[in-house]
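Single-structure report; data block below.
Just so it is clear, none of the values below were taken in a lab; they were calculated from the coordinates. A quick note: this is a predicted structure, and the numbers were derived from the prediction, not measured. With ideal geometry, Cβ positions are generated from the backbone for all residues, glycine too; neighbour counts draw on all protein chains shown.
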Amino acid sequence: MGTTVALLSNEALFKPLSSINLGSAENINLNPFPYLGLAAAFAIGYFPEVAIRSLITKSKFRGYKKENKSFYEMYTTTPVEIIDGIDTEIRDRLADYHIKSVQNLAAANPLMLFVETPYGVYQIMDWVAQAQLCCSTGPSSLVRLWGLGIRTIFDLERVIFDQDVREEGLIEQVGRVLLANHILANPSDDSVAKTIISHETCVANIKLRLNDPHIHRLRQIYIMVGNTIGENNRRFPDRYR
């Protein structure tokens, strides 16, 4: 499909400009950049869906539901490099398995990635758990949570369920980070620290973020691994055993 779109676009849009015969012996070249057409055709062929979507959006065809371009400017994709342990080389490898953003990684099956990629199962489980936390909190809140020792979605879970680490002050600090973007117009470290959020609100918000089927699946894998390597290495409280 990409090759076809590239050839058609080059023939229809750029090649007619390269040589126009006005009835004289000399042809007039209206294209000052003769190789621009080839470069544009390559780009169109590399992203054929984008080219076709843009053509339909700009056309006056009836019966087509056109897209609102303003939404593309409002929302952005978070690259997987934000995950601790993933660099550009690993990102390119994961892209071969259709994992091109943090959301793709958060919804991925860790066991399938372990089978299909050269990376270890523990490493992949950690990446997916980090990605799920990033999808739930957003990149800016994720960085603040790192300062509280919360790297994965299950660290966030332990804050309210694990009696060994449960502490009201920590829960309120986490709640400020999670909800500051929705309460403050321009959140900063100082403004987040001064934000007052009730303890019940913090706990309820964390529970809301944990109710996700991808998180439940990853938790089951974590529990199976913990039962295999020994009771002292179990990560989750008794309510999940």
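Here are some notes:
- Label-zone membership for segment 99-123, site T77, 7 angstrom Cα→C-beta point, backbone N under 12 Å: 99-105
- The simple spin-label model puts a point 7 Å past each Cα toward its Cβ; for H216 and Y122 those points are separated by 2.9 nm.
- Restricting segment 99-181 to GluC sites (Glu not before Pro) in coil, as DSSP defines it, with at most 11 other Cβ within 10 Å: E167
- Label-point separation, N68 to R93 (7 Å along Cα→Cβ), nm: 4.1
- Relative protection proxy for 95-101, 173-179, 71-77, from highest mean packing down: 173-179, 95-101, 71-77 (other beta-carbon atoms within 10 angstrom).
- With the simple model of a label 7 Å out from the Cα in the direction of the Cβ, M112 to K100 spans 1.7 nm.
- Reduced Cα scattering model of segment 88-175, Debye log10 I(q)/I(0), q = 0.24 Å⁻¹: -1.15
- Burial ranking of peptide ranges 217-223, 86-92 (average Cβ count within 10 Å, highest at the top): 217-223, 86-92
- Chain lengthening between L170 and T201 when straightened (0.36 nm per residue, less Cα-Cα): 9.8 nm
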